[in-house]
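Below is one structure, written out as structure tokens; comments come after it.
The values are calculated or read from the model by the stated rules, or taken from the named source; none is laboratory data. Treat the numbers as computed from the prediction; the structure is a model and nothing was measured. Using ideal geometry, Cβ is built from the backbone for each residue, glycine included, and neighbour counts are taken over all protein chains shown. Each accessible area value is taken on the protein alone, full model and side chains, heavy atoms only, with ligands, DNA and RNA left out. Shrake-Rupley method; radii C 1.70, N 1.55, O 1.52, S 1.80 Å.
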Amino acid sequence: MALLPLGLAPKTIKYLMFAFNLLFVITGIILLSIGVAIHQLFKQYEPFLDNNFSSVPSLLIAVGSIIFIIAFFGCCGAGRESYCMIVTFCTLLIAVFVLEIIGGTMGYVMRENVTSVVKGKMLNTMAGYNSTKDIQLIWDDLQQDFDCCGTTNATDWINRYSGIPMSCCDRAVGTIGSTNCTLESPTLHSMGCLDAFAHFAEKHAGKIAGVGIGLGVIQLLGIFLSSYLAKSIKNCYQTM
């Protein structure tokens, strides 16, 4: 396939394609960074979440990785004025756009379901606090990290075990002898972990939604530019 003279394809669109590909690569880096960060955050508290909360960040990571391959077709296609490569770039860009919109939509759906999912998981895992070391460590970390206690409040522990874990109170410094965490302890965490953690999960699910849909809108510009350039190149071939 012969290359076209530069003057026959609109130079402005061609240079905009290069600029967009740079922006496109940046969006890929953003997707990768946010996907990895949120995936690690959700993985830390995996027992309190369902599989959807790890699959959506994984989708962002996959899309972010694919973007680097797609950008190659865009740059080469614009530089060589190759109709086939531009069409391939446009097609892949549409696929990425669809995946980002799906990821964003799933993020919003997760926000709506966070409280019900987390509540059920928390109540189930509380039953294994004394028998499973991993569950105990996760609950202790959760209650220390979020300054919370129990699912709804500290009485959840009392009703189940007739006592409250030490992680429900701030660690005493400089105390000699044994200390207990009770309803009368001045450092008892008054907030339930359901409210604290659900707010945390909703916030990060909202980030996924915003990033997925926001960057998806940016891809529309690339779809328009690549479609216009492909059409210009095709018209040039027809007139040669």
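Looking across the range 64-80 at every residue that is open to solvent by less than 40 Å² (accessible area, probe 1.4 Å) and modelled with pLDDT of 75 or more, the one that is nearest to Ser33 (Cα to Cα) is identified as Gly64. Close Cβ contacts (under 9 Å, 6 or more residues apart or on different chains) running from residues in the range 208-229 that are closer than 15 Å to Leu23 by Cβ and open to solvent by 30 Å² or more (accessible area, probe 1.4 Å) to residues that are assigned to a helix (DSSP H, G or I) and of a type in the set (Lys, Arg) are absent. Out of Gly163, Gly192, one residue alone is in contact (Cβ under 8 Å) with a residue 40 or more places away in the chain, open to solvent by less than 70 Å² (accessible area, probe 1.4 Å) and not hydrophobic (A, V, I, L, M, F, W, C). It is Gly192.
Can you name every residue in the range 136-156 that is part of a loop (DSSP other than H, G, I, E, B) and either at pLDDT below 90 or open to solvent by 10 Å² or more (accessible area, probe 1.4 Å) (or both)? Break it down stepwise before answering.
Step one: filter the range 136-156 for residues part of a loop (DSSP other than H, G, I, E, B), giving 146-147, 149-154.
Correct list: Phe146, Asp147, Thr152, Asn153.
Here Asp50 passes the criteria (1) modelled with pLDDT under 75; (2) not in a helix (DSSP H, G or I) except the one numbered (1).
In the set (1) assigned to a helix (DSSP H, G or I); (2) within 30 Å of Ser167 (Cβ to Cβ); (3) not acidic (Asp, Glu), the condition left unmet by Asn130 is number (1). When Ser185 is tested against (1) assigned to a helix (DSSP H, G or I); (2) in contact with a strand residue (DSSP E or B) (Cβ under 7 Å, 6 or more places away or on another chain), exactly one condition is not met: (1). Per the conditions (1) under 27 Å from His39 (Cβ atoms); (2) surrounded by 14 or more Cβ atoms within 10 Å (Cβ to Cβ); (3) not hydroxyl-bearing (Ser, Thr, Tyr), the sole criterion not satisfied by Lys133 is (2).
What residue, of Tyr83, Tyr45, is farther than 23 Å from Ala209 by Cβ, of a type in the set (Phe, Trp, Tyr) and either within 21 Å of the chain's Cα centre (by Cα) or at pLDDT below 80 (or both)? Within the list Tyr83, Tyr45, the selection yields Tyr83. For Ile61, the conditions (1) among the hydrophobic types (A, V, I, L, M, F, W, C); (2) modelled with pLDDT under 80; (3) closer than 27 Å to Lys207 by Cα are fulfilled apart from (2).
Being open to solvent by less than 60 Å² (accessible area, probe 1.4 Å), outside any helix (DSSP H, G or I), within 30 Å of Tyr15 (Cα to Cα) and out of contact with any His (no Cβ under 6 Å at 6 or more places or on another chain) is a condition met by no residue of the range 95-112. Thr239 meets the conditions (1) loosely packed, with under 14 Cβ neighbours inside 10 Å; (2) at pLDDT below 90; (3) closer than 30 Å to Leu31 by Cα in every case but one. The failed one is (3).
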